[in-house]
Amino acid sequence: MTPPLPSEVSPRPSACPGLWRIVAARDGGICRIKLPGGLLLADQADAVADASERFAAGVIEATNRANLQIRGVGQDHSGLVEHLLAAGLGPRDAAGDDVRNLMLSPLAGLDPAMLCDTRPLAGQILDLLESTPRFHKLSAKFAVQLDGGEALAMLEHAHDLWLSAMPRAGRVWLRFGLASSLSSGQVLGAVPVEQGLALVRAVLERFLDLATPEQSRMRQLLQTCPVEHFLEGLAIQVETTAVAWQRPTTTSPWLGVLPQRQGMALGVAPPLGRLTPAMLRGAARIARQWGDGSLRLSPWQSLVLTSLEPAELENARAQLMACGMLCHSEHPLARVVACTGSSGCAKAQADTKADAVTLAGLLPQGAPGSVHLSACPRSCAMAHPAAATLLARAPGRYDLYLRDARQPGFGRLRAANLTAEEAGVMLDLPTEHLDD
Ligand code: SF4
């Protein structure tokens, strides 16, 4: 099916940007491009880079849901959307744009530790979401994760539904949980991997049967609906015994050279999640020249270039660094995440992007842990608590929180009303306090 032209679509109301729903911000419109399982072909990357220059301010962001967004969009929304649709970056049905929220490992199908290649099932789940009118009623934030047991995996982001591969009697099964993350969620049951699509359909149907109009997310529904009641009405049999397999929780670094089952990949990140058109074109050129012609976006706001020629890895790394990409996890900016801040968001209390650069210069090289600067409590840039969070209270002033599993939100308040410089001194802590 050919996606409809921009003039034929009236986007449904939501505060979240979409392809057709270009949301106004202080620095212009924001257009979000949802990528299937984070996959972006090299030609599509070039098309996004071109679009950001022709129709916007040339600022592209990698999101923490492994998507891209173009910032600073001007008046010609139709021109922008047509350009992106021509590059194959739209849904098959405009009504299905918002619901294409399926997270995979950036090394799905390639990771040496994987128990199964999740990509075929992922394609079926995306087809289901896009082609089922009833599922278009789901919130633009309603999100599903499909984990194949890869070492490079996001374990901390909460999802409305997650499925995770486990070995069972010589076969692969999928355990699942609701409104939680892979690292801390309760396993509610399992099905053979062949029934994964039926399980997703059953969970989504059950959610829509039970949720009130105010309950757009699974966690909201489960506040009023006991999980046992939810499971009892599922239109699929799930196994609830012998599903307590422990998924390995040691994950791979996401920057630098990444092993594949065959070949090698390279993880690179634009500083603070922001790509220039030249950076995106540079990554596309290398993917085409020495890789498999594709890029994969990650939930760490980074890119993975897959199946690179081993002999060209260092060459590729050098060229990407010359484009401005971070290619080593030891780089201080690789530890820092910042939301848009006052240069682009009217809700911001501080210029988090600028303060993050100051702070990164003060962090000790090679120290583990992540630091998140959020210019308001909405925490757009990070979907789970960072080891340390600086929450803005005024321009240049922050409250510092340290993650604490016993405390909700950002964690334990460590100090209030700090400058970025003062916070940098305080963050030079023993690593057990900031360890990811
Ligand atoms: S966290 Fe707040 S200030 Fe930062 S981008 Fe989101 S809404 Fe804006």
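Whenever a residue of the stretch 376-389 is assigned by TED's automatic domain parsing to the domain that holds Ala423, its partners that are of a type in the set (Lys, Arg) and near the ligand (Cβ under 6 Å from one of its atoms), lying with C-beta atoms within less than 6 angstrom and at least six residues away or across chains, give the pairs Cys376/Lys347.
When Gly79 is tested against the conditions (1) farther than 23 Å from Val59 by Cα; (2) touching a helix residue (DSSP H, G or I) at 6+ places or on another chain (Cβ under 6 Å); (3) of a type outside the set (Asp, Glu), the lone failure is (1). Any residue at all in the stretch 310-322 that's under 22 Å from the mean Cα position of the chain (by Cα), surrounded by fewer than 20 Cβ atoms within 10 Å (Cβ to Cβ) and touching a residue at least 12 places away in the same chain (Cβ under 8 Å)? Among the residues of the stretch 310-322, not one is under 22 Å from the mean Cα position of the chain (by Cα), surrounded by fewer than 20 Cβ atoms within 10 Å (Cβ to Cβ) and touching a residue at least 12 places away in the same chain (Cβ under 8 Å), which makes the answer no. Is it the case that Leu266 is modelled with pLDDT under 95 and closer than 30 Å to Thr340 by Cβ? So Leu266 fails the test. Scoring Leu221 on the criteria (1) farther than 30 Å from Arg168 by Cβ; (2) more than 21 Å from the chain's Cα centre (by Cα) leaves a single failure, condition (1). Just one of the listed residues (Ala95, Ala153, Ala87) is more than 14 Å from the chain's Cα centre (by Cα), farther than 24 Å from Leu210 by Cα and in contact (Cβ under 8 Å) with a residue 40 or more places away in the chain, and it is Ala87. For the stretch 164-197, what are the residues that are touching a strand residue (DSSP E or B) at 6+ places or on another chain (Cβ under 9 Å), of a type in the set (A, V, I, L, M, F, W, C) and either in a loop (DSSP other than H, G, I, E, B) or at pLDDT below 95 (or both)? Passing the criteria: Leu182, Val187, Leu188. How many residues does the stretch 169-189 hold that are of a type in the set (D, E, K, R) and either buried (at least 17 other Cβ atoms within 10 Å of the Cβ) or under 20 Å from the mean Cα position of the chain (by Cα) (or both)? So the answer is 1.
Yes/no per residue for (1) over 15 Å from Leu121 (Cβ atoms); (2) at pLDDT below 95; (3) assigned to a loop (DSSP other than H, G, I, E, B):
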residue: Trp162; (1), (2), (3): no, no, no
residue: Phe207; (1), (2), (3): yes, no, no
residue: Gln220; (1), (2), (3): yes, no, no
residue: Thr224; (1), (2), (3): yes, no, yes
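Taking the criterion of being surrounded by 19 or more Cβ atoms within 10 Å (Cβ to Cβ), out of contact with any Pro (no Cβ under 8 Å at 6 or more places or on another chain) and of a type outside the set (Lys, Arg), the residues of the stretch 346-362 that qualify are Ala348, Thr352, Asp355, Ala356, Leu359.
Which residue out of Arg274, Arg281 is within 16 Å of the ligand (Cβ to nearest atom) and surrounded by 16 or more Cβ atoms within 10 Å (Cβ to Cβ)?
Within the list Arg274, Arg281, the selection yields Arg274.
The single condition from (1) surrounded by 21 or more Cβ atoms within 10 Å (Cβ to Cβ); (2) outside any strand (DSSP E or B) that Leu266 fails is (2).
Where strands (runs of 3 or more DSSP E) sit wholly within the stretch 306-398, none has at least 3 residues that are more than 10 Å from the ligand (Cβ to nearest atom) and closer than 29 Å to Val257 by Cα. For the stretch 237-263, taking the residues that are crowded, with 16+ Cβ neighbours inside 10 Å and among the aliphatic types (A, V, I, L, M), the one that is farthest from Ser164 (Cα to Cα) is identified as Val257. Per the listing Ser302, Ser294, Ser298, the residue uniquely surrounded by fewer than 21 Cβ atoms within 10 Å (Cβ to Cβ) and either within 16 Å of the ligand (Cβ to nearest atom) or not aliphatic (A, V, I, L, M) (or both) is Ser294. Considering the stretch 57-83, and only residues there that are over 18 Å from Gly28 (Cα atoms) and touching a residue at least 60 places away in the same chain (Cβ under 8 Å), the residue that is farthest from the chain's Cα centre (by Cα) turns out to be Glu82. Confirm whether Gly369 is touching a Lys or Arg at 6+ places or on another chain (Cβ under 9 Å) and either at pLDDT below 90 or within 22 Å of Pro253 (Cβ to Cβ) (or both). Yes, satisfied.
The values are calculated or read from the model by the stated rules, or taken from the named source; none is laboratory data. The model shown is predicted, which means the values in this text are computed figures rather than measured ones. Please note: Cβ atoms are built from the backbone with ideal geometry, for glycine as well, and neighbour counts cover all protein chains shown.
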